[in-house]
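The values are calculated or read from the model by the stated rules, or taken from the named source; none is laboratory data. Values in this document were obtained by computation on a predicted structure and should not be read as measured data. When we count neighbours, we look across all protein chains shown, and the Cβ atoms used for this are built from the backbone with ideal geometry, even at glycine. SASA here: full protein model, heavy atoms, side chains in, ligands and nucleic acids out. Shrake-Rupley method; radii C 1.70, N 1.55, O 1.52, S 1.80 Å.
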Amino acid sequence: MNRIILRYELLGLLRDTRTIFLSVLLPVILLPVLLFTLNKFGQRATGDLDQTYHFGRVFPSPGLEVVTVSALDPNEFREMLVEDGEEMLKEGHLDLLIRLKKDEESDKQLGRDVASLYPDIGEMVERTDPARPVVELLYRSDRERSMRAYFKATDQMLDFREQRVKQLLADNNADIGVKLVAEDISTPQERAARQYGPALSAFMILMLLGGGSVAALDSLAGERERGTLSTLFVSSIGRPTIAWSKFCAVAIISVAVALVQILNLAGYAIFGFVDWPLQSGQGGVWGFVALFLLFSVEAIFTAALLLHISARSSSFKEAQLFFFPTFLVSFALSLSGLMPAFESASVVSLIPVTGPGVLIPEILAGRLDPLILALQCAVHLLAAYGLMKATIALMQREDFLGGQAPQHGKELVFEQFSQRALPFFALLCAALFVVPSNFAALSTLKGQGLFNQLVLFVLCPYLFLKFYGQKVRTAVPVKRVDLRIVLACLALIPLGQLAATGLSHLVGPLLPAPVKALEMMMELLDLENTPHWQLFFLIGILPGICEEFAFRGVLLHSLHKRFGPWALAFVVAVVFGFFHVNFFRVLPTAYLGFFMALLTLATGSVLPAMLVHIGNNSFAVWAMLNNMDFEGLPTYVYVVGFVGQLVLTGLVIKWGRGYPGTRWFKGDRSESSS
Amino acid sequence: MEIEETQSPITVKELCKVFQDEGRGKLVAVSNVTFDCRAGEIFGLLGTNGAGKTTTLRMLSTLLKPTSGSARIMGHGVDKNAQDVRKSIGYLSTTTALYPRLSCRETLDFFARINGYPENKIENRVNHLVDRFGLTEYADARIERLSTGMKQKVAIARTVAHDPAVVILDEPTNGLDILNVLDFHKLMQELQEAGKTVLFSTHTMSEAEKLCDRIAVIHRGKILACGTLDELREQSSQRYLEDIFVWILDQHGEDPDAALETM
């Protein structure tokens, strides 16, 4: 970070009236409006006792008068004479229209019983000939008053009916034995937290994005457009330092927005303008501190996010176009507090902007969990750091200041191919989840074999390769390997099985295999009725070929210039693991996938990985058919499997010629660049 | 062309820049450009729009990386010692590239500081530049309130704020009125007298004719001729630079009429 750039950056930003307006003035004006609205909503929920509603009754409706007069509170409901009730309801002269209707499931005996039990409404029953009468309430949901009148009238009529039933039971000396009472045991602070909390998170995100937007969008995109960024880049200060300095300036503005809002809130709470839950006690002070901390890290995250958008845009206008969807998505995420099932002690806390939406109501309710707060702070700061690294990487690109990309022909196309590979596989993964579960024919063993293996793992990656003009033979190298490597691969099959089973044991307590998932898998395999050759073909051979084509072939090739061999094997393994739907299978398959990726990188050929994959799967099928179980073996057997796997893989890495284009490649370097 | 690599503040050897455009394919913006600028020399890159002047200057100012070839400024390679190169140069792009909400004085102070000018001398330096460029009246006014000519003056002052040994200017008189152009010419002479090396691009023949010690004619990314005005006159047997330019293009099989239309 450079002090001089930061100082002048802040000077320029503070002189921008748009920043001052969006960061300070607008929030100061909007916060009381928000609090006032939330208070009003709160009152709406509890009801306004002074309100008088007008209702009309459709004539002639003998007996209905008894019900309305007896049930409805005369302090709240006033009857109006109506001629055309529906018209008056439509025009807003009435809030509620009450009329009598015949029960569609008419039961004459029931009607007669009701008439005998309640003589005062006998006329009403007779009128409905003589089935049980239905009192119909007509209201308009587009009108606030009408809605409230409907809710109140329903409550009061149900109360009236309950009283009648009680009276009847008392008259007959009957006692149903159960008394139902309800009590809201939440504290006023907790109720207020529910009322303000979710909206506060969304409001802060709006203010942070709004306040930081002008500063951040102008800071890179605007300067790029004006040309001032190139003059900075020609100075002796490096681009990363420039990026961090600008980030600090935007972050300072954003944290200032957060501080202004906290002080603003505190002001309203202290002077009692709102029914603010934190206004008293020690919890209130800590609540404010926690809120400020949370808002500050959100401010830092939004600063990094906005700066990244700014770096991705070549002009201020383009940045504004990017800003709009970012704004909407962030706003939607910040509303997480409205989701009833979300708790802060869950995976929600790992998502920036979403976590605070859930945590803020908990802080307001006095249920602050310092660990969760620390976790959310760390998540926001890490995400901000990641975004800034991505921003710096963008700024380091030669074409950042405009002009064309410096790559040449094939290099440029390969880079695009490489950049879009992971999103493409994410799409495939989504298709793998969605399609078989929606098409019954594809959820069988054969259906999955055909669709998953042939369509998703061969056809789609093949089309992806072709779209970017990549050669299949280069992307999926099928090269002969030494006999000793083949022998090592054959030995890796049982060793890998043992090691993976040992790993499953190790993580079993953390990620237990759900019984239902295992049952579904056995149902899918249907060992008794499926011919054995089909099992070996559909589980052993086909995935061994097709999945290697997709993962150790296309995916590994697309990423081989972006990562070193170890990291590349890890990334390919993780992606491979996530394709194995059930969570408990992800780790063992990713583990085996890691070793298969290493084999491909070591030999420059997918054949060894195919051999091991086919061998592993076929071995598993054979074990299932023969009721062989690798569970419960002595621990040292698994350790031997693991050590043997390490040693043999190490030897293959030593013996292999390496993957062209990686640092493991031992052949002609010119071949690697082709 | 002989290159005296060890003595020249700027040496450029077989510099190439190739862009890959998704729509148009491979674009050779600069091809095997070779020249050098001696200490205290004003060197002009003369060419039509799109000739490769700006790309060449952007490579020299480290904003772009050369595809091949080499360029050294004050002995530092633009590719491998970019930070050292940046410390030695003042660069003015085709736009004024100023911060609208800073004042003239603040702008000069900012650029002097970030380019490492000694802190205790900054105030005097800023005052000197304000005085030299006739900015006294507007020294504390925000840039956004200045006229185009004044902005260009501030931009040039900003370029030399840290007193660099090499000054690279990309079409510096664009948008200036005649009085400001004359003042700019005077500044060029002052810089030369101060021993600075000035490399600037222009497509104005008279400007190049008046200011430059040596001129390189660049067209379609290639240097077609390089030398003093007298040398070029001698080669072409033409009196005026315009005629010399046409002659050079003609000698290289280019269509001078088409080229002149883009000037």
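Treat each spin label as a single point 7 Å out from the Cα along the C-beta direction, and report the B:D250 to A:L110 distance in nm.
11.0 nm
Excluding ligands, DNA and RNA, what is the solvent-accessible area per residue of region B:10-261 at a probe of 1.4 Å, expressed in Å²?
Computed with neighbouring chains in place, this is 42 Å² per residue.
Provide A:M80, A:M395 ordered by accessible surface of protein heavy atoms (probe 1.4 Å), highest first. Intermediate values should be presented prior to the final figure.
Numbers: A:M80 55, A:M395 0 Å².
Reading off the accessible areas and sorting them downward yields A:M80, A:M395.
Per-residue mean of other chain beta-carbon atoms within 10 angstrom of the beta-carbon, peptide A:629-635?
Details: counts 0, 0, 0, 0, 0, 0, 0.
Going residue by residue through A:629-635 and averaging, the value is 0.
Per-residue counts of other Cβ atoms within 10 Å, averaged by peptide: what ranking do you get for A:104-110, A:238-244, highest first?
A:238-244, A:104-110
Can you compute 3J(HN,Hα) from phi for each residue in region B:104-121, using the Karplus curve 6.51 cos²θ - 1.76 cosθ + 1.60 with θ = phi - 60°, rounded to whole Hz and x for Gly and Pro?
Working through the residues one at a time gives 4, 4, 5, 4, 5, 4, 4, 6, 5, 5, 6, 9, x, 5, x, 4, 6, 9 Hz.
How large is ³J(HN,Hα), in whole Hz, for each residue of region B:139-150 in order, when computed from phi with the Karplus curve 6.51 cos²θ - 1.76 cosθ + 1.60 and θ = phi - 60°, using x for Gly and Pro?
Result, ordered by residue: 4, 9, 8, 5, 4, 4, 9, 8, 6, 4, x, 5 Hz.
Projecting each Cα onto the charge dipole of chain A (Lys/Arg +1, Asp/Glu -1 at the beta carbon, about the Cα centre), which of A:A393, A:G222, A:I541 comes out farthest on the positive side?
The residue sitting most towards the positive pole is A:A393.
For helix A:144-171, report the angle its Cα long axis makes with the longest principal axis of the Cα atoms of chain A; keep it between 0 and 90° and round to the nearest 10°.
Rounded to the nearest ten degrees, it is 70.
Could you compute the FRET efficiency for A:E631 and A:L422, with r as their C-beta to C-beta distance and R0 at 35 Å, rounded to 0.05?
After rounding, the FRET efficiency stands at 0.50.
Go through A:A202, A:L587, A:L381 and say which Cα lies farthest out towards the positive end of the charge dipole of the protein assembly as shown; charges sit on Cβ, +1 for Lys and Arg, -1 for Asp and Glu.
A:L587
Using the heavy atoms of the protein chains alone and a 1.4 angstrom probe, what is the accessible area of chain A per residue in square angstrom?
Here the residues of chain A average 50 Å² of exposed surface.
If I fit a long axis through the Cα atoms of helix A:607-625 and take the longest principal axis of the Cα atoms of chain A, what angle between them do I get, 0 to 90°, rounded to 10?
Helix A:607-625 and the main axis of chain A meet at about 60 degrees.
From the phi angles alone, apply the Karplus equation (6.51, -1.76, 1.60; θ = phi - 60°) to region A:360-375 and give each ³J(HN,Hα) in whole Hz, x where the residue is Gly or Pro.
Karplus values, whole Hz, x for Gly and Pro: 4, x, 5, 5, 4, 7, x, 10, 6, 9, x, 5, 5, 4, 5, 4.
Normalising by the residue count of chain A, find the relative contact order in percent from Cα pairs under 8 Å and 6+ residues apart.
Here the relative contact order equals 11 percent.
Looking only at other chains, what is the average number of their beta-carbon atoms within 10 angstrom of each beta-carbon in B:95-103? List each step's numbers first, then the result.
Values: counts 6, 4, 9, 4, 10, 7, 9, 5, 2.
Taking all residues of B:95-103 together, the mean is 6.
Label points 7 Å out from Cα along the Cβ direction at A:E126 and A:V413: separation in nm?
The answer from the label model is 9.3 nm.
Please average, across the residues of A:12-18, the number of beta carbons from any other chain that are within 10 Å of each residue's own beta carbon, and give a whole number. Please report the intermediate quantities before stating the final value.
On the way: counts 7, 1, 1, 7, 2, 1, 0.
Mean shielding count: 3.
Roughly how big is region B:10-261's charge dipole about its Cα centre, with Cβ charges of +1 (Lys, Arg) and -1 (Asp, Glu), in debye to the nearest 20?
980 debye
Size of the dipole of region A:476-671 about the Cα centre, Lys and Arg at +1 and Asp and Glu at -1 on the beta carbon, nothing else charged, in debye to 20?
Details: 13 positive and 11 negative charges, 224 e Å.
So the magnitude is around 1080 debye.
Say R0 is 25 Å: what FRET efficiency, to the nearest 0.05, do A:V640 and A:A567 get from their beta-carbon distance? Mind dumping the intermediate values first?
Values: r = 28 Å, r/R0 = 1.13.
E(calc), rounded to 0.05, equals 0.35.
Mind giving me the nanometre distance, one decimal, between the label points for A:N173 and A:S346, set 7 Å out from Cα along Cα→Cβ?
Result: 5.4 nm between the two label points.
What percentage of the solvent-accessible surface of chain A, computed with a 1.4 Å probe over protein heavy atoms, is contributed by carbon and sulfur atoms?
64 percent
Between A:T474 and A:R3, what FRET efficiency follows from the Cβ-Cβ distance if R0 is 45 Å, with the result rounded to 0.05?
Efficiency, rounded to the nearest 0.05: 0.35.
State, in square angstrom and to the nearest 100, the accessible area buried between chains B and A, both chains counted, probe radius 1.4 Å.
3100 Å²
Where both partners of a DSSP beta bridge lie in chain B, what percent of those bridges are antiparallel, to the nearest 5?
In chain B, DSSP labels about 55 percent of beta bridges as antiparallel.
Express as a percent, rounded to the nearest 5, the fraction of DSSP beta bridges in chain A (both residues included) that run antiparallel.
Numbers: 6 of 13 bridges.
Counting only bridges with both partners in chain A, antiparallel ones make up about 45 percent.
Before anything else, pin down the relative contact order of region A:52-171: Cα pairs under 8 Å, at least 6 apart, normalised by residue count, whole percent.
RCO, region A:52-171: 29 percent.
So who's got an amide H within less than 5 Å of the one on A:S235, skipping anything under 5 residues away but keeping other chains? H placed 1.01 Å off N, in plane.
Sorted by chain and number, the residues that satisfy this come to none at all.
Expected output is a single nm value to one decimal: the length gained when fully extending between A:A374 and A:V434, i.e. 0.36 nm times separation in residues minus the C-alpha distance. What is it?
Stretched fully, the A:A374-A:V434 segment lengthens by 18.0 nm.
Which lysines, on any chain, are close to A:K166 with Cα under 20 Å apart, when same-chain ones fewer than 8 places away are left out?
Leaving aside lysines fewer than 8 places away in the same chain, those within reach of A:K166 are A:K179.
Taking the highest mean first, how do the peptides A:619-630, A:115-126 order by number of other beta carbon atoms within 10 angstrom per residue?
Ranking the peptides A:619-630, A:115-126 by packing returns A:115-126, A:619-630.
Which links in A:K561/B:K53; A:K389/A:K561; B:K26/B:K80; B:K121/B:K151 stretch past 22 Å when you go from one Cα to the other?
A:K561/B:K53; B:K26/B:K80; B:K121/B:K151
Give, in nm to one decimal, the length gained when the segment between A:E162 and A:L487 is fully stretched (0.36 nm per residue of separation minus the Cα-Cα distance).
Difference between extended and current length: 108.7 nm.
Might you report the magnitude of the Cβ-based charge dipole of the protein assembly as shown about its Cα centre, with Lys and Arg at +1 and Asp and Glu at -1, to the nearest 20 debye?
2940 debye
Which residues does the label zone of A:L382 cover in region A:322-355, counting backbone N under 13 Å from a point 7 Å along Cα→Cβ?
A:347-352
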